[in-house]
Structures are given as structure tokens and as C-alpha cells.
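Structure first, then comments.
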Protein chains: 2
Amino acid sequence: MRKRRGAGRPTIADVADKAGVSTITVSRALRDPAKVSAPLRERIDAAVRKLDYVPHSHASALASSRSNIVGVIVPSLTNNVFADTLRAIYDELEQGPLQVQLGNSRYVAAEEERLIRIFLGQRPAALIVAGGDQTPAARALLESADCPVVQVMEVDPDPIDMMVGFSHFEGGRAAGHHLLQRGYRRIGFIGARMDPRSRRRMEGFAEALRSAGRYDSELFMTTTRSSSTSLGAELIGALRAKRPDIEAVFCNNDDMALGVLFGCQHAGLRVPEDLGIIGFNDLEMMAAACPSLTSIRTNRYGIGKTAVDMIRARLDGDEPENRVVDLGFQLQERQSTVRRV
Amino acid sequence: MRKRRGAGRPTIADVADKAGVSTITVSRALRDPAKVSAPLRERIDAAVRKLDYVPHSHASALASSRSNIVGVIVPSLTNNVFADTLRAIYDELEQGPLQVQLGNSRYVAAEEERLIRIFLGQRPAALIVAGGDQTPAARALLESADCPVVQVMEVDPDPIDMMVGFSHFEGGRAAGHHLLQRGYRRIGFIGARMDPRSRRRMEGFAEALRSAGRYDSELFMTTTRSSSTSLGAELIGALRAKRPDIEAVFCNNDDMALGVLFGCQHAGLRVPEDLGIIGFNDLEMMAAACPSLTSIRTNRYGIGKTAVDMIRARLDGDEPENRVVDLGFQLQERQSTVRRV
DNA sequence: TTGTACGCGTTATCAC
DNA sequence: GTGATAACGCGTACAA
């Protein structure tokens, strides 16, 4: 009897013994049943069930030098924005043999680089990362990775490999144009976290105001604290204390916008009569709020789905038509930006 | 020159060649630097950097019959409740050498079983699953798994291995007691999704009302649709259409509670004067809302942290004092349940 | 359609 | 402290 180091779980050889076939036949029966004759297939299936055999994915990955893992690295787990994209990735991916491995970079580029290094060690089937602000080393690693790489949530003319998202700059600009069109004059901005994407939204927004001669830096208030509803309420209070004449505000995300609404209500201000509010992302609650809240709708689920489609295509040997897909955004006008007369 | 099937990335043998040592020395230098003399260690580190060598985790897992993967299976990615626990797990786990592999069961027990099977195929270092409602087959798989298993979000006298959470039944009961104490009489319930945990909350709530002779099944409204803010608004509308005399409502989660608040505001009802509202989980927005919303606070981050602590202890050979840890909950009384005079 | 021989990259074991 | 050798469990290549 051979000495064994392993954990004692049944192996493909045990199944083969029990079914009276060779290991390779079991291997084939499991991965591509059509390649094995019906009677053998049944004997093998029975043996698998009886032994409760589970294939050892690491051994498989090692032998085939290819794993079924798709690494996904997002900056935040609690941010609903990524949750929707993640949900799409899981929905699409778990149909097939592919498995998701999720990393949380906590909005820290060095942490993202560390995770990329670790994930690459798994020889992943593909990699999905957020945005285009990797460290130079991380970018180099990804460029030399021998698997599809998709950057999500943004668009950029110079992707590492493939990219799907939308322009945050343009989204911010659209928010600015909307408030201007509604007739607002003293227009402010409230931003938390201020990661690169939030920053680009702010820049697009400022650009819109500037081109209309309405940019007033005093009405812009940002913090690196992470966004939350209560922070939105807090910041609008601070902003109004400084500049009570503010007429409308763009929030860098919907949680902040909701907080601004609550802050106004607690202060006895009417929305939109006393203050116009526009958010970003259009989470589900925005339409339900009272008053309903204007926002920039982004196609977060579509981004995840498209990312997986691109990966699938590449894995199937096809080349996607466009390496960069812009899914755009839509302004959702609601009660919170109806200009007072 | 030997023929190679692999993807061509540098291997530990390449590093060994470059450093003029054997592979096992490189292996040791990487895993436990103290076991290798300083000069060799430096030569090896230099070679690693020069080749940009990344260890092949699958080969390592195969050889050691132990991976550094902790499988985590949750029913939902978009539900903030799990997001907080996940964040804790990531925060705790990614410090060390352990990696998270996340599965999404979509509230489907069969899907959970499938994921458990797949994860077990990775010979994980540990497994974390939600709740105690696994299929019998899944439970059997977990019981025979040769790794620590932690069930989170609930407590149960009969855990598979270890467990950390709180009693949903008691949480529901506390909500009922609170409304009764506040003097509410016609008390209702609104529940979406109605997964096992929501169901237990409802049962505890009903139990509290029943023991006070205040249970009225007509005031209970549930749906299997997934919870959302707009659904909360919709359901309170339907419930009030049927029973305009309703005085207070317990929502099975905070999203629904916020939706009920919005629904009331849209309908011109005052909260808490015309309707008392209490939610469950106490998400961050509950305190910021106007009026602020009463809820049952649960320690979701603590649950994730404790789960990892238990795993760490077991992996280090220690046995945790208690196999079941009840982290409890706290009633957060706010404006939304201040009884009208 | 089925089987044999061997390699995948790493680590455990045992010797030096 | 360091090294030679043999597993780890499975898939590829080629033969039958």
C-alpha cells in the first residue's frame, strides 16, 4: 500500500478503480460526457456519487495550466455601485465553469497592486479591475498577463486590454448642464471620498459651470471621508452655514444626495424650492424618495454583463469588435431639481 | 532543453537556477525566511525580483494539500447586511496569507449546495456560510469537510461546526414589544423576500403581539419579491388601502422601512403621528432620515470579525471556547416610533 | 472510444 | 542550513 500525503479525499483514481476504467476516462466523462460511451458514463457517475468525489481544482489547474478563476478587484464592498456590477458578473459567470475570486482594494492603489500580484499567481482565466488608475507596476503586470483583462466603470482611449464603463467627466458635466438649464445660478458640489472617478465627475461638473460663467469654488465642498447619508446631511449644513445663498447642489453619489435631502428636511428647508439636489448613479431609492431625487443613471449591471461577454469572447478565441465600450449614462429628472419660479 | 507545457511564466526552478540554489531552498526562503541563511536569502530575493516571479498557488495547494482560500457563501451581494459582514471578513482575512473566495447563492438552497461542492473542491482553508438552512446534502458535505466551518448571521443550538450571529426570532420579538410598549394597538408587518431569517423575525414579532392579544393576521403583508425602497412604499399603500386603521408597522428590513416612510410622505401622512415605523438592521441611513427611523441594530461587522477569529483559532490548533457565539442586537429608538398622544 | 506515460510547479520527507 | 527525491491529483499527447 502506497503511502499518501494527501488529505485522504477520494481521487479520480479511486473513482476509476470503482468504475473499472482508467483515470483518463473518468476525467473525460466529467468534463465532456459526450466523449465517453453511455454505459461507462453511468458506471462512472455512480462511482462518483457513491464516493462523493469532488474534483481537485488545484490539481486540474496545475495539469492544464489554466484555472477557472476570474479575479475581480473592486475598491469597495459596501458601495452599492460595485454591488450591482458584481451581481451581474456573478450572474453571468457562475452559469459556466468559471469561478469568481473577489478582492477588495479599499480604494488604495498599492493594495490593488498587491491583489493583482496574488491573483496572477492563480493563473486566472481572466481579470476584472475597476477603473484606470493602477500603479505603474500594476499596469505592467496586467499588460504582461497572459489572460484577458477588463477595466470596468470607466472609459479611456488607452486601455490595458479591454474596457467597459462610461465617462465620469461627461456625467459630471451633464449634471452641471442640467442645473444650469433649470435656471439655477449659485450651484455647489458636495463630494465624499473623492477617489479618481469622483474627482473626474467633479471636474466635468466644474467645467460645465465654468463655461457658463457660474463656477464658484466657495460652493464646492469635498472631504476624503467615505460617503454616507449622515455625511451628506452634515456637509450641506456646513455649506449652507458658509453660503446660505446656495441654490442647488450636485452630490458625488446618491447616498450623499439622500443625506442632503434629510439634512434639508431636518433644517426645515424645502426641496426643491429652497435647494435643488442632484445625485449620481441613480440607485433604486432615488425614485422612491419624497421628493423624488434627480440623478445620473449609470448602467452598472450592464457593465458587469458586458465585461463577462468580452471575456467569454476572448476565451472563445474571438476578438471583441471594440476594446473600449462606452455604456453611457442618462439623466433622470425628478422633483428635486424642479426650479422654483 | 526540456519541453514545457506551461504558460512560460518563471517557476521556482528558474529562481533556484539564477540564485544557484535548489528549489526547496527557494521555497523555504519564500515561506519562512528564518529557515534560510541571510546571504542565500538575499540572492534568492534578488532573483525573485529580477524574474518577477510569482508563486503558483495551485501547485502549492496541490503539493501541500492545503490552500489558502477561505470560501464565503452569501445569499446576496446587493444586500447591505451581508456587505458589512463581508467587509469585516476581508478586513480581517487579507492581512494574513488567506484569500477570500466569494459565492452568491441568490437565496437558493440548491445553488448554495452547488457552491459548497465547488468550494470543497478547492480544499479550502475554511468555509463561511450564511445561516442554518442548508439542504441535508449540503449539511452532510460541510460536516465531513476537513476544515473549519462557520455559519454566520444566526445562532442555533446545533451548529455544523461553529456559528456566530444573533436570534432573528428574538429580534422580531423585541420589535413587537417595543411597539406595544409605545402604546400602539393595531400593529402590522411588512416583509419582502421572506427568506428563512426574515420569516423567523416575523414569527418572533407575531409571538410578541399574540402574547399581548394584539396579533391581527390581516395587518401582516408579505411578498417573495426582493426588498427595495419602492416596494416598501408600495406595500404600505396596499396595506393602508385594506386597513386604514393601522397604527404602526414593523418592516423586515431597513430598505423597506425607508420605503414606508417615503410612501407615507407621498401620501401626506405624518410619521410617527399617523404611522409608527420600525425597521431591522439599523443601516447607517436610519439615523439620518427625517424623521429618524427606529430599528433593531445588528452587529454585522462584528459577526464577520468573530467568524474570522474563530477560524484563525482553529487553524492555529486552538479550540474556541464557545462553538456558538450570540452577538445579540440592540433596539435603537428614534423619532419614527414616538407614539402620538 | 479507451488507455499509457509523463509533466504541471510546488512541498514533505529524509539524508547530509 | 541545504539538497535529492518522490509525491500531490489531474490533463495532455500519443498510442492502441
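The values are calculated or read from the model by the stated rules, or taken from the named source; none is laboratory data. Note that the structure is predicted; figures quoted are calculated from it, not measured. FYI the Cβ positions are ideal-geometry reconstructions off the backbone, even for glycines, and counts take in every protein chain you see. Quick note on the areas: whole protein, heavy atoms, side chains included, nothing else; ligands and nucleic acids left out. Shrake-Rupley method; radii C 1.70, N 1.55, O 1.52, S 1.80 Å.
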- Message: Cβ-Cβ under 7 Å, sequence separation 6+ or interchain: first residue in the stretch B:308-320 and assigned by TED's automatic domain parsing to the domain that holds residue B:124, partner surrounded by fewer than 16 Cβ atoms within 10 Å (Cβ to Cβ). Which pairs?
- Response: B:320/B:313
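Residue-wise test of (1) more than 16 Å from DNA strand D (Cβ to nearest atom); (2) out of contact with any Gly (no Cβ under 8 Å at 6 or more places or on another chain); (3) more than 9 Å from chain A (Cβ to nearest Cβ).
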position	(1), (2), (3)
B:41	no, yes, yes
B:56	no, no, no
B:86	yes, no, no
B:111	yes, yes, no
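Residues checked against (1) within 27 Å of residue B:86 (Cβ to Cβ); (2) open to solvent by 60 Å² or more (accessible area, probe 1.4 Å):
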site	(1), (2)
B:284	yes, yes
B:296	yes, no
B:309	yes, yes
B:312	yes, yes
B:320	yes, no
B:337	no, no
- Item | Given (1) crowded, with 19+ Cβ neighbours inside 10 Å; (2) within 13 Å of DNA strand D (Cβ to nearest atom), number of the condition residue B:31 does not satisfy | (1)
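Look through the stretch A:17-28, keep the residues that are more than 12 Å from DNA strand D (Cβ to nearest atom) and of a type in the set (A, V, I, L, M), and return whichever of them is farthest from the other protein chains (Cβ to nearest Cβ).
Initial filter on the stretch A:17-28 (more than 12 Å from DNA strand D (Cβ to nearest atom)): A:18-21.
With of a type in the set (A, V, I, L, M) added as a condition, the list becomes A:19, A:21.
Working: A:19: 19, A:21: 21 Å.
For the stretch A:17-28, the residue satisfying everything is A:21.
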- Message: Give all pairs with beta carbons closer than 7 Å in which a residue from the stretch A:136-162 that is within 20 Å of residue A:198 (Cα to Cα) meets a residue that is among the basic types (Lys, Arg); count only pairs at least 6 apart in sequence or on separate chains.
- Response: A:153/A:197; A:154/A:197; A:159/A:323
- Item | Unmet requirement for residue A:10, which otherwise passes all of (1) away from DNA strand C (no atom under 11 Å from the Cβ); (2) within 11 Å of chain B (Cβ to nearest Cβ) | (2)
- Message: Please count how many residues of the stretch B:13-43 are over 22 Å from residue B:96 (Cβ atoms) and of a type in the set (A, V, I, L, M, F, W, C).
- Response: 8
- Item | From the options B:70, B:54, B:21, B:74, residue that is at pLDDT 90 or above and within 12 Å of DNA strand C (Cβ to nearest atom) | B:21
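Would you call residue B:249 crowded, with 16+ Cβ neighbours inside 10 Å and over 29 Å from the mean Cα position of the chain (by Cα)? Give the derivation first.
Numbers: crowded, with 16+ Cβ neighbours inside 10 Å: yes; over 29 Å from the mean Cα position of the chain (by Cα): no.
Against the criterion (crowded, with 16+ Cβ neighbours inside 10 Å and over 29 Å from the mean Cα position of the chain (by Cα)), residue B:249 does not qualify.
Filter the helices (runs of 4 or more DSSP H) completely within the stretch B:102-196 down to those with at least 3 residues that are in the same structural domain as residue B:92 (by TED's automatic domain parsing) and either open to solvent by 30 Å² or more (accessible area, probe 1.4 Å) or of a type in the set (D, E, K, R) (or both).
Working: elements: B:109-120, B:136-143, B:168-181.
Helices (runs of 4 or more DSSP H) meeting the threshold: B:109-120, B:136-143.
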- Message: Testing residue A:10 on (1) over 30 Å from residue B:76 (Cα atoms); (2) touching a Leu at 6+ places or on another chain (Cβ under 6 Å); (3) in a helix (DSSP H, G or I), one condition comes back false. Which one is that?
- Response: (3)
- Message: With the structure loaded, tell me whether residue B:80 is closer than 25 Å to residue B:282 by Cβ, within 11 Å of chain A (Cβ to nearest Cβ) and at pLDDT below 90 or whether it fails that test.
- Response: yes
- Task: Considering every residue within the stretch A:69-80, establish whether at least one is within 16 Å of DNA strand D (Cβ to nearest atom) and in contact (Cβ under 8 Å) with a residue 24 or more places away in the chain.
- Result: yes
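Please verify whether residue A:32 is modelled with pLDDT under 90, more than 13 Å from DNA strand C (Cβ to nearest atom) and either within 8 Å of chain B (Cβ to nearest Cβ) or over 22 Å from the mean Cα position of the chain (by Cα) (or both), treating the condition exactly as stated.
Details: modelled with pLDDT under 90: yes; more than 13 Å from DNA strand C (Cβ to nearest atom): no; either within 8 Å of chain B (Cβ to nearest Cβ) or over 22 Å from the mean Cα position of the chain (by Cα) (or both): yes.
The answer is no for residue A:32.
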